[in-house]
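What follows is a single structure, written as structure tokens, with notes after it.
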Amino acid sequence: MTAQGTQPVRHFLSLLDLTPDELRALIRRASELKRSLRAGEIHEPLKNQTLGMIFEKSSTRTRISFEAGITQLGGHALFLSSRDTQLGRGEPIEDSARVISRMVDCVMIRTFEHAKVELFAAHSRVPVINALTDLLHPCQLLADMQTYLEHRGDIAGKTVTWVGDGNNMCHSYINAARQFDFRLNIACPVGHEPNAAILQAAGDRCQVIRDPLDAASGADLVVTDVWASMGQEEEQRQRAVTFANYQVNDQLMAQAQPNALFMHCLPAHRGEEVTASVIDRPDSVVWDEAENRMHSQKALLEMLLRR
């Protein structure tokens, strides 16, 4: 698909849609935009451009970060909830994509099925950004990689430990291991492993280690997520039992490097997947990580729309 007969449109549905060099340049640019904003500089390269934001899954951080980000770049955000669109509800996704992409300059979609985002992108005349599906959450990884770079430098050659469910965040960390050249230890219960194809494609960069303490040994970064994601509320009680030994606490962090960082995409359930003593420690980078969603997505919008 081309944009109004010009060069091919680039989408961001996965970290694999950009090259490793492009990803590193993007997170460096994100830090530049962050410094520029804090210095009070006005930077509006996307003036008069509109971002269509389609939400079939609600979110605090995703809406605020994209809406504030496009505004700071001089553009406008158009919020569309599941009640406001016919996406997958009567009107074919292909038709929604054809119509919406004629009226906006970029589309951000946060939904359940990854295939829905892929189908929309295949029929869109403008860039489409995956703001989360049940399979992948690549925008969060841009923020996480920016945060690590700002606090510890290049993540290449480091060891990252994922603790918890083999979910969309885990899948995106597997892709990040490939693109940013780090090793990933995945600590998850039996039956909650990540997608086999995604894991296999990463080769020996990633391994599943059942014991979370062993998985955290020597880690430079420890990451987790809620035990029950959106749409899994009915499984909450059973998951609390299944994941009881997969909590990030002081004992687990003691197995990691002395200067290891802890990250969480939020919202966090203190006392479940992470203890308050870990997430609320004075040097916690979780709040920088959350803020960096806005800065890294600004860099992404700038890259996709200034071509």
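Readers should treat all values here as calculations from the given coordinates under stated rules, not as data from a laboratory. Every value quoted in this text rests on a predicted model; they were computed, and no experiment measured them. Cβ: placed from backbone, ideal geometry, glycine included. Neighbour counts: every protein chain shown.
General observations
- DSSP-defined antiparallel bridges as percent of all bridges, the chain, nearest 5: 5
- Spin-label pair Glu44-Ile209: with each label point 7 Å from Cα along the Cα-Cβ axis, the two points sit 5.1 nm from one another.
- Candidates per trypsin sites (Lys or Arg not before Pro) in segment 22-114, loop by DSSP, up to 12 other Cβ within 10 Å: Lys47, Arg83, Arg89, Arg102
- Here segment 167-235 is treated as a sphere whose radius is the Kirkwood value from Cα pairs; by Stokes-Einstein at 37 °C and 0.692 mPa s it diffuses with a coefficient of 258 µm²/s.
- Helix 138-152 axis, angle to the chain major axis (alpha carbon atoms, nearest 10°): 60
- Between 0 and 90°, nearest 10: helix 20-38 axis offset from the chain longest Cα axis: 80
- Radius, Kirkwood style, for segment 1-117 when every pair of distinct Cα atoms is counted (Å): 15.9
- q = 0.16, 0.18 Å⁻¹: log10 I(q)/I(0) that the Debye formula gives for segment 25-91, counting C-alpha atoms only: -0.65, -0.77
- Relative intensity of segment 185-279 on a log10 scale, I(q)/I(0) at q = 0.14, 0.17, 0.21 Å⁻¹, equals -0.53, -0.79, -1.17, per a Debye sum over C-alpha point scatterers of equal strength in the absence of solvent.
- Sparsely packed loop sites in segment 23-99 (the GluC sites (Glu not before Pro) outside DSSP H, G, I, E and B with at most 14 other Cβ atoms within 10 Å) comprise Glu41.
- Residue exposure proxy: Ile109, Ile279, Ile64, ordered by other Cβ atoms within 10 angstrom of their Cβ from fewest to most, comes out as Ile64, Ile279, Ile109.
- Under a 5 Å amide H cut-off, with hydrogens placed 1.01 Å from N, Leu132 pairs with Thr111 among residues at least 5 apart or on other chains.
- Taking only Cα atoms of the chain, radius of gyration then Dmax in Å: 19.1, 58
- Distance from segment 8-37 to segment 255-287 (C-alpha centre basis), Å: 26
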